[in-house]
Amino acid sequence: MSWWTDFKANRELGDARRAMQSARSPYSIGKFIDRCIDKNRYDLALEEAEKGNTEFPHSEALTAAYKRLIRAVHAEDLKSGRNDVRKAPGPKAYYKLARLYKKMRDLDQSIELARKGVELYPNFEGNYIVLADIRYERFQRDMRATDGLQAVELFERAVDLNRENYRLLFQLAEIYSAIGARGKALEKAEMILDFAPDDRNAVALIERLQQQK
């Protein structure tokens, strides 16, 4: 019976996909994503969601469909994360759940959890990074200087707490490089070499920065 169910589901989704392609729009893509969710075909849904977000980057309908998809994909993770925050709270519990909500594009909930994590556990860098990532993404989208400045400030606070966070130092060096603060960028890149002296990416970044005017 299982093979017949799979065959039927694939046939229905094939028909739905052709209908979507014949009248491609944020609405039709969103409806197809919902059909895929109903059939537990998250791979097809993710494929079309990524294409749709490229074609219609500002569509609220597609954003909402993507949120529904990520909620379905990570339903168990979401349940587990909420349970951890409620029953066994700790800095990483807030961090993991805040990151999950960020992935789901529920930024208000992500910010609320990360801020709570910072308030309760100010010596853990993870929640500062979540807040900084959100600020930096807004800066890239809207080019508001206040978002960029706050992102840098939050990243710097995270570096103060963990001077051996490779991803954080590399990202901060790239940000400083992008805004022309070469000295600051070199400082962060050289911090990577303190604990990873043979890292090729850091060495290449330093060489590139040294050639900048």
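Read the figures in this text as sums done on the coordinates, not as results from a lab. Note that the structure is predicted; figures quoted are calculated from it, not measured. Every residue, glycine among them, receives a Cβ derived from its backbone with ideal geometry; neighbour counts consider all protein chains shown.
Structural remarks
- Label point distance in nm, I179-L46, each placed 7 Å from Cα along Cα→Cβ: 3.4 nm
- Difference of contour (0.36 nm per residue) and Cα-Cα distance, K67 to R157: 29.4 nm
- Matching the structure-derived Cα Rg over 2.2 N^0.38 Å against the labelled list (1) 1.26; (2) 0.99; (3) 1.20 gives the label (1).
- Per-residue [θ]222 nm for the chain (sum of -39500 (n - 2.57) over DSSP H runs n ≥ 4, rounded to 500): -26500 deg cm²/dmol
- Gain upon complete extension [Q21, D38; 0.36 nm per residue less C-alpha separation]: 4.2 nm
- Approximate spin-label separation T54-K87, in nm, with each point projected 7 Å along Cα-to-Cβ: 4.2 nm
- E187-K31 FRET efficiency (beta carbon distance; Förster radius 45 Å; 0.05 resolution): 0.35
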